[in-house]
1. Please give the strands (runs of 3 or more DSSP E) falling wholly within the range 106-221 in which 2 or more residues are under 17 Å from the mean Cα position of the chain (by Cα) and at negative phi.
2. Could you pull out the residue among Ala155, Ala199 that is surrounded by fewer than 12 Cβ atoms within 10 Å (Cβ to Cβ) and either hydrophobic (A, V, I, L, M, F, W, C) or touching a Gly at 6+ places or on another chain (Cβ under 9 Å) (or both)?
3. Output the number of residues of the range 72-104 satisfying the condition of being at pLDDT 95 or above, loosely packed, with under 12 Cβ neighbours inside 10 Å and either closer than 23 Å to Gln188 by Cα or among the hydroxyl-bearing types (Ser, Thr, Tyr) (or both).
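The values are calculated or read from the model by the stated rules, or taken from the named source; none is laboratory data. This structure is a prediction, so every number in the text was calculated from the model and none was measured. We place every Cβ from the backbone using ideal geometry, glycine too, and count neighbours over all the protein chains shown.
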Amino acid sequence: MRYLLLLFIIIAASCKSGDKKSADTPAAPVTDTKPAGLAAYQQAFDGPLKAWASTFTGFNPANFTLDDTTDFGNTEPDEMGDINELVKIYKPLLYYSPDSSAFIDMYSAQMGLQVINGQYYSEGDVDQAIYLCRPAKSSWKKLLFYGPSAGMEEAAWVNDSTFIMGGIFFNDDGKRVPIVAVGNEATQKIFHYSCKDTACVQGEERYTAERVRKLNIKEME
């Protein structure tokens, strides 16, 4: 009987120690590496991406399929120049996260803006490079690069670490069809979607974001 009591005490102590260890040890973070379908971002398409989506015939997030997954790229801070100077010129065009700790830069590499007497002038480029910046960390991540056959036209943040971008790709018929990219900082991944509905094409005029139109940008002569 004495030995059974001793055995019970040892087992109870072991269980108590195990419980304490479990309580003191933080659970491993759960990271969803499997992207959701675009229907999960319907709120974005009904909100900040609504004007962009409306330029396509029969746009429906359910008609998009995942084509590819790419990684965030590293960019040396000195490659991008002074962050403060960039923000000074491009702030109206930057897409800030809800907590304002990061922004997406879709335009600086492509537009090459200058401000002269309050007027914005562009030395435009056909190529588009898109970056994610966290100023407090002097961190630049190269997200995407497009040549003249494709490009992103609008962006929005879903939360402080997830963002979504909508753009176009010229198909074999020369028509502009929609493409969507979803970025996740937790996984450092970008998920690329294309539309399987061949009738979903952009109208005659290409979409221009409202923030770009407001600046009344002129071409540098």
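1. Values: elements: 113-116, 119-122, 128-134, 139-146, 150-157, 162-170, 176-184, 189-195.
Answer list for the range 106-221: 128-134, 139-146, 150-157, 162-170, 176-184, 189-195.
2. From the options Ala155, Ala199, the qualifying one is Ala199.
3. 3
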